[in-house]
Amino acid sequence: MANFFDALDGDKDGFVTGAEVAAAQAKRKASGGGGGASGKKSAGGGGGSGFTGATLLTRWDKDSDGKVSKAELPETMQAGFDALDGDSDGFLDRAELDKMVAAMRARRSSGGGGQ
């Protein structure tokens, strides 16, 4: 799962920007790939990259308990875990992951990118 995030995080700053997602999509299209950064189609796609809270939960929830602990996150994202954990329960659930994806998409559509 860390490979997926790392593939998107072009500048290796621990954050995936809209520009990085767009670059990964362009690279995938140029190579004839299908879905996510790995070139595999991802479940729950639609709306572009197939990058949703549900797909992240599937990728990162190593113990299949329906939530993601800090230890299950890619190492590059662990520093930002507390900011993502809206209810401070020590886990990221699908709603919190959906919120993260929505914020990333909003930055992308507004021309942001956090750089």
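The values are calculated or read from the model by the stated rules, or taken from the named source; none is laboratory data. This one's a predicted model, so the numbers in the text were calculated from it and none came from an experiment. Using ideal geometry, Cβ is built from the backbone for each residue, glycine included, and neighbour counts are taken over all protein chains shown.
For the list (1) under 13 Å from the mean Cα position of the chain (by Cα); (2) at pLDDT below 75; (3) surrounded by 13 or more Cβ atoms within 10 Å (Cβ to Cβ), I need the number of the one condition that Gly34 fails.
(1)
Scan region 56-70 for residues that are surrounded by 16 or more Cβ atoms within 10 Å (Cβ to Cβ) and among the small types (Gly, Ala, Ser) and jot them down.
Ser69
Tell me, which residue of region 64-80 that is outside any strand (DSSP E or B) and hydroxyl-bearing (Ser, Thr, Tyr) is nearest to Gly14 (Cα to Cα)?
Residue satisfying both the conditions and the ranking: Thr76.
In region 71-85, which residue that is closer than 15 Å to Met100 by Cα and among the charged types (D, E, K, R) is surrounded by the most Cβ atoms within 10 Å (Cβ to Cβ)?
Asp85
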